[in-house]
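> Okay, handing you the structure first.
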Amino acid sequence: YGAVGEWIFETIGGSQPAAAGYRDIRIAPEPGAGVSWSRTEQHTPRGKIRCEWKVQDDLFHLTVEIPPGNPAQL
């Protein structure tokens, strides 16, 4: 995806590899700068990662899908 795509997935979308090959996943979206929602989906060697979030009425709502059996950190 290049540098811009990587930034979108890792910073706005919030899914980052915490170990090589996505053996561990870090979920840490960074809302702000006028962005009030995000929905990203990427296919990794271990399976699909989907991260969807929104800020509504000053509440942060997060939905995450990770590959079965894959550890993730929030």
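> I'm checking my understanding of the structure. Among residues of the range 3-49 that are assigned to a strand (DSSP E or B) and small (Gly, Ala, Ser), which one is farthest from Gln73 (Cα to Cα)?
So the residue we want is Gly32.
> Which one is nearest to the chain's Cα centre (by Cα), of the residues in the range 51-61 that are more than 14 Å from Gln16 (Cβ to Cβ) and open to solvent by less than 70 Å² (accessible area, probe 1.4 Å)?
Glu52
> Here's another thing I want to ask about it. Output the residue which, of all residues in the range 13-36 that are free of Cβ contacts under 8 Å to residues at least 40 places away in the same chain and aliphatic (A, V, I, L, M), is surrounded by the fewest Cβ atoms within 10 Å (Cβ to Cβ).
So the residue we want is Ala33.
The values are calculated or read from the model by the stated rules, or taken from the named source; none is laboratory data. What you are looking at is a predicted structure, and each value in this text was computed from that prediction instead of being measured. A quick note on method: Cβ atoms are made from the backbone with ideal geometry, for glycine too, and the neighbour counts reach across all protein chains shown. Heads up: the accessible areas ignore ligands, DNA and RNA and are worked out on the full protein's heavy atoms, side chains in. Shrake-Rupley method; radii C 1.70, N 1.55, O 1.52, S 1.80 Å.
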